[in-house]
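One structure is given here, and the rest of the page talks about it.
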Amino acid sequence: MTKLLYALVVVSWTSANVVAPAAAETVLVNDGKANAEIVIADNAPRSVRFAAEELQTYVEKISGARLRIVNSPSGAGPTGTGPIPVYVGESESTRRVGVTAEGLGRDTFRMVSGADWLALVGSDEEFVPIEPWARSHNQWAAEKESQWRKLAGHPWLNPVGSRIYKDYNKQLDIWSYDHRGSLNAVYAFLRELGVRWYMPGELGEIVPPSRTIALPKIDRTVTPAYEVRSISRPMISSNEIDDVLWYLRIGANDQYGIMHHGQRHLTEHPEQRAAHPEYYAMMANGRRDNESQTANACLSSEGFFNETVAFARLMFDHYQIPIISVMPHDGFNHCQCERCRDQITLDRGPSGQSSDYVWDFVVRVANELAKTHPDKKVFCGAYSSYRLPPLKIDKLPDNVLVQITNGRPIRELDDEIHRDAAELRAQWLAKSNNPLSVTLNYTPFTNRGAYRPQYWPHVAARGIKASHKDVWREDVWLSSGKGGLHYPGMAHVNPYFISRFWWDPDQDVDALLEEYYRLFYGPAAEPLGAFIEFCEQQYANLGSDAEVTKKALDLFDQAQAAAPPDTVYRRRIALVDEFLPTLRNRATQIDVKRPEGLPEYRVIDMAKDKWRDARGTLKMDGKLDEAFWTAYHYPRSLRDVATSQKPKHPARFMARWWNDSLYFGIRCEFDKSEPPIVGSQQDRDPAIWQGEHLELLIETDKHSYYQVVVNPAGALIDLDRAVKLPGAYDWSSQAEVAAHIGEDFWSVELRLPVTTSDEDPLHQMIGSRPFQAKQESLESGKGTSLPWYFNLYRKRSGTKDVETTAFSPLGPDAKSFHEPLKFARIYVQ
Ligand SMILES: [Zn+2]
């Protein structure tokens, strides 16, 4: 047995279908020379042409032999002489040997070999987009939307025409909606040869070299366990071609249709809001909310019902979508109008109080649509206050599809949560004759200050094994931001393992992991595997428990030390390290014993809907008299820095978070007989310290700490106190400052821009938006993130008694302001 054949046996699936050579002499590649050719139909679908190229590329990478791609076998055909045909996709040739795609479902494929041929054939239906549709974001408004308005005759949004370009890759000319059976057959065959695509790009792949490739003896039909296998990142439309290829190689796809919060398309347009306030949910004050960004509908409104039905019919007829969501908009509010109010069932709690109300609407729409479109489906999520099944509806009509949000939670390893998730699925299945769809809201890597390593191989394995028989579609939300995969060194693990289970839920997760650690991390396999599994088990304690955090980082550092420099293993581990700075900083932060009873400050998040009117009012004039500051008026006072007593000259401050900036508004009162001394009018002039000034010392989750000094003239000094003087001055906060001096007070407005990127450490504060550290709800699936710490001082330098005040006083013994252990906690809410 050659070395390659041995490799084939060890890497093949654990199923009974172990690949074995048909005969010792039948080979596709012989000692680096091609003994086969790839045969595709003349008019092969685009995914088949691409599949042939992929096969050609990887056979060459493995063996050095380049197989030709032809439209008909160049030899005498089967049993004749000449190169062995490897048929990719159905063609005249495959029909002759009795292999077709007939009866195969989406992405299902067959791998069949004869004495001297191999066929890799699946369903390869091509998606055809329907006009009007935009090729880019801008093209919709500029060219296409007017055509849609004519068609619709209503101010409806069109999520299909305006957005499907996101499910298309121009460079490869492939839609995520295309059926790709034959391409997946090629990938399955290459996996049999030992190829692994763990991470996007060449660094992410394993290609075991072999000069000879045998013709396998095989007859297998593979059906993915899920018809639709959707991941949010990477996107197929990404400009990073490596990300797109990886999306295809792990076998992801997407569903053509309208799947999320379908009601928004009828409620969001400004003209709709103006023309039909009666379509919108009534608030407790009796007003219809037609203004909030996510304004919800009044589900008793006949007009809204009729438009929902008309919109669905148009989307079915014109765009040929098979499924339409009639799910309420996000941020659900139960309408308080006379007809809706009493439909609430408060006794069912926050997950069920609107279930009967919302699902009654879904069923009414579905029944109406069944009259004209019996083959189309109506879709709604079990989510927020309508997450539990309705009680008054015994059975949903057969054209209703249910999606459970977080139907397979990340805390699946907890037995109770595992049982609860299964129980909720069972309750919904009892109401429906259709399988379910589930979404999984896995913590994003870039938002909300996420800093904990996120590895869920066992979670995914356990959840998928328990649910795949009842679920037709999984939709995994992994990471937001650009179209590619963020922190790929870490972020590839979850989609890789989830996608393997999507295709074959019966695999042994530990065997898959063992192979991954060994092939991908080589000599560092053991410590890196230990790191990944420790992080998965200890996720809840990472970053909050000092010992757990330290142990995780120790395991990682051992892995790094085990991989020799200049190896692929070390480069892969270095990519994981890119995610860890915040966790490392956190490990030192939680090690620090901060004294009890320090003050806290909650920053108002101006992005919230209720501040919509206030947030636009800010005028940087130092006066603090606009609604930006006064709409929520809860200033906090400074106290004597040594005694904590009320000072003679009171000072108060407020803070706001808006558009990636932290705003401070500070008002300092003075006795008219003792006006402030102004040390300098110029930024960065040390004389600023000789007069009255404010000092803001601030430690972010990523950096400890920054110093910003402002005086009544609005002159500024900013330093990075993590760096020794004079280097500390190299940093610029890029703050915007405005000061105002009144009769008996002076005040400042200060805007500090914040960036999450650490690429440019000399400008702006680096940090992720601070959140209150607490375990957020299970349903949201979002974890904890880090607060920041700060202190604010006012020093009346230049006056007789130099009164000095602070938000977090330091006590009588303090010699300097620079006491980070006494900083107050600050977070945004
Ligand atoms: Zn209502």
Exercise. Can you give the extra length, in nm with one decimal, that the chain gains between ALA631 and GLU416 once fully stretched, where that is 0.36 nm per residue apart less the Cα-Cα distance?
Worked result: 73.0 nm
Seminar exercise, completed: Computed from every Cα-Cα pair in segment 264-520, P(r) in 10 Å bins starting at 0 and rounded to whole percents is 7, 26, 31, 24, 11, 2, 0
Problem set entry | Normalised contact order of segment 128-172, rounded percent, pairs of Cα under 8 Å and 6 or more residues apart | 48 percent
Exercise. Can you pull the percent of segment 521-591's accessible area that's carbon plus sulfur, 1.4 Å probe, other chains left in place?
Worked result: 48 percent
Problem set entry | For peptides 387-399, 608-620, 321-333, sequence by mean Cβ density within 10 Å, most packed first | 321-333, 387-399, 608-620
For this session: Within segment 351-454, list the chymotrypsin sites (Phe, Trp or Tyr not before Pro) lying in a DSSP loop whose Cβ has at most 15 other Cβ atoms in a 10 Å radius.
Result: none
For this session: With only Lys, Arg, Asp and Glu charged, each at its Cβ (+1 for the first two, -1 for the last two), find how big the charge dipole of segment 600-828 is about the Cα centre; round to the nearest 20 debye.
Result: 580 debye
Seminar exercise, completed: Here the relative contact order (percent) of the chain, from C-alpha pairs under 8 Å and at least 6 apart, is 9 percent
For this session: Please work out the FRET efficiency for the pair ASP398 and GLU291, using the Cβ-Cβ distance as r and a Förster radius of 51 Å; give the result to the nearest 0.05.
Result: 0.85
Exercise. Can you give the calculated 222 nm mean residue ellipticity of the chain, where each DSSP H run of n ≥ 4 adds -39,500 (n - 2.57) and the sum is split over every residue, rounded to the nearest 500 deg cm²/dmol?
Worked result: -8000 deg cm²/dmol
Problem set entry | Amide H contacts of ARG639 (H built 1.01 Å from N, under 5 Å, at least 5 apart or other chain) | ALA806, PHE807
Exercise. How big is the Kirkwood radius of segment 600-828, worked out from every pair of different alpha carbons and given in Å to one decimal?
Worked result: 18.1 Å
For this session: Please figure out what share of the DSSP beta bridges in the chain is antiparallel and state it in percent, rounded to the nearest 5.
Result: 65 percent
Exercise. Using 0.36 nm per residue, how much length does the chain from LYS800 to ARG95 gain when fully extended, once their Cα-Cα distance is taken away?
Worked result: 243.8 nm
Problem set entry | segment 600-828: relative contact order as a whole-number percent, Cα under 8 Å and 6+ apart | 24 percent
For this session: Distance between Cα centroids, segment 227-251 to segment 59-117: provide it in whole Å.
Result: 26 Å
For this session: Please identify every one of the GluC sites (Glu not before Pro) in segment 519-603 that sits in a loop by DSSP and has no more than 13 other beta carbons within 10 Å of its own beta carbon.
Result: GLU578, GLU596
For this session: Mind putting a number on the dipole of segment 128-172 about its Cα centre? Charges go on the C-beta only, +1 for Lys and Arg and -1 for Asp and Glu, and I need it in Debye to the nearest 20.
Result: 40 debye
For this session: Only bridges with both residues in segment 600-828 count here: give the DSSP antiparallel percent, nearest 5.
Result: 85 percent
Problem set entry | Per residue solvent-accessible surface (Å²) - segment 264-520, probe of 1.4 Å | 37 Å²
Problem set entry | Equivalent ellipsoid semi-axes - Cα gyration tensor, the chain, angstrom | 55, 36, 23
Problem set entry | Cβ-Cβ FRET estimate between GLN645 and GLU674, R0 fixed at 22 Å, reported to 0.05 | 0.75
Seminar exercise, completed: So GLU515 and ASP609, fully extended at 0.36 nm per residue minus their Cα-Cα distance, gain in nm 29.0 nm
Problem set entry | For segment 139-177 versus segment 614-650, the gap between their alpha-carbon centres in whole angstrom | 48 Å
Exercise. What spacing in nm lies between the two simple spin-label points modelled at ASN659 and LEU821, each 7 Å away from Cα in the Cβ direction?
Worked result: 4.1 nm
For this session: Would you work out if segment 128-172 is rounded, prolate or oblate? Take a ≥ b ≥ c from the square roots of the eigenvalues of the alpha-carbon gyration tensor; rounded if a/c is under 1.5, else prolate when a/b is larger than b/c, oblate otherwise.
Result: prolate
Exercise. For segment 297-444, what does the alpha-carbon gyration tensor say about shape, rounded, prolate or oblate, given a ≥ b ≥ c as the root eigenvalues, a/c under 1.5 as rounded, and a/b over b/c as prolate?
Worked result: oblate
Seminar exercise, completed: Reduced to Cα centres, the span from segment 500-577 to segment 376-443 in Å works out to 33 Å
Problem set entry | Distance (nanometres) between label positions extended 7 Å along Cα→Cβ at GLU131 and GLU302 | 3.9 nm
Seminar exercise, completed: Counting only protein heavy atoms with a 1.4 Å probe and every protein chain in place, the carbon and sulfur fraction of the accessible surface of segment 257-371 in whole percent equals 47 percent
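The values are calculated or read from the model by the stated rules, or taken from the named source; none is laboratory data. Since we're looking at a predicted model, the values are computed, not measured. In this analysis, Cβ positions are derived from the backbone assuming ideal geometry, glycine residues included, and neighbour counts consider all displayed protein chains. These accessible areas exclude ligands, DNA and RNA; they are computed on the full protein's heavy atoms, side chains included. Shrake-Rupley method; radii C 1.70, N 1.55, O 1.52, S 1.80 Å.
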